[in-house]
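Inspection log for the structure reproduced underneath, given as structure tokens.
No lab work stands behind these numbers, since they all come straight from the coordinates. What you are looking at is a predicted structure, and each value in this text was computed from that prediction instead of being measured. Glycine also receives a Cβ, built like all others from the backbone with ideal geometry; neighbour counts cover every protein chain displayed.
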Amino acid sequence: MLDAAMRLMQDGLIPSVSDVAEAAQVSRATAYRYFPSQSALIQAAVDEALGPILAWTSASTDAEDRITELVTFAYPRMESYEATLKAALRLALDQWARRHAGLFGDEAPMVRGHRIGLLNSAVLPLKGKLTRDGFERLTQALSLVFGTEAFVVLKDIWGLDRKRAEEVALWTCHALIQAAIAENGKAVARTAATAGRRKNGVHGAGSLPKKKSRAKLR
């Protein structure tokens, strides 16, 4: 059934559980036993399409090397299953629209977010070097160029082929990592400078001891 679902999705469809049952030549009852909702079905197809990417690991201790490994490994696979991934994106957007209009009902929502764990893993060597907020902001920024939405922008809007899209994504990833490291370095330098001034007894204007005012004699 999963193969049937992926075939339909690769043809540009967002299949229902009934559609997959018919394509796989099984009863609807059997199909619903495996996939209780359309969201569960589409999520299973996405997980199958991304399979090797979700299992990605790296032995490198350099964040830029690791992000290069991840992007160059993931982008070809994502292109191979581009229609499947875009079908999942379309379902997520459709669910958002129906939820926004109050028409969603009790349907199970489409859950997305595989990129979060992958990107956290890719830049893991920086976790102890950046602040918590800095590390989180970096992974959030990287998520803009890693995923189906990046394909929509780079390939559909800009008309780039996969190789060129990959090059742009890598350039952006490296620029973001370098910016995060530089920003953190400046923050550390400011903190050290402030600590040094305090140690040497240098105070800012706001920290100067106030003189006691003398009461006027009458």
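Please work out how many pairs of lysine residues in the stretch 58-198 are eight or more positions apart (or on different chains) and have Cα atoms closer than 27 angstrom. All intermediate terms of the calculation are to be shown ahead of the outcome.
Values: Lys86/Lys155; Lys86/Lys163; Lys127/Lys186; Lys129/Lys186; Lys155/Lys163.
Number of lysine pairs found: 5.
Choose one answer from Thr148, Thr131, Thr139: the residue with the largest mean-square fluctuation in a GNM of the chain with alpha-carbon springs under 10 Å.
Thr131
Which entry in (i) 27, 23, 16; (ii) 51, 24, 15; (iii) 32, 21, 15 matches semi-axes √(5λ) of the Cα gyration tensor in Å derived from the coordinates of this structure?
(ii)
For Ile14, Ile42, what ranking results if the residue with the fewest other Cβ atoms within 10 Å of its Cβ goes first?
Ascending Cβ contact count within 10 Å gives the list Ile14, Ile42.
Residue farthest toward the positive end of the dipole of the chain, with Cβ of Lys/Arg at +1 and Asp/Glu at -1: which of Gly51, Ala101, Ser37?
Result: Ala101.
Which of Phe135, Phe73 has the fewest other C-beta atoms within 10 Å, and how do the rest follow up to the most?
Values: Phe135 19, Phe73 14.
Least crowded to most crowded, the residues run Phe73, Phe135.
For the chain, what is the calculated [θ] at 222 nm in deg cm²/dmol (nearest 500), taking -39500 (n - 2.57) for each run of four or more DSSP H residues and dividing by its residue count? Don't skip to the answer; put the middle values down first.
Working: 10 runs with 140 residues, N = 218.
Mean residue ellipticity at 222 nm (helix-derived): -20500 deg cm²/dmol.
Taking the alpha-carbon centroid of each part, what is the distance from the stretch 31-77 to the stretch 90-116 in angstrom?
Between the Cα centre of the stretch 31-77 and that of the stretch 90-116, the gap is 20 Å.
Let me check I've understood the local charge: for Glu79, count other residues with C-beta under 13 angstrom from its C-beta, Lys and Arg +1, Asp and Glu -1. What total comes out? It would help to have the intermediate numbers written out before the result.
Values: positive: Arg77, Lys86, Lys155, Arg162, Lys163, Arg164; negative: Glu82, Asp156, Asp161, Glu166.
Local net charge: +2.
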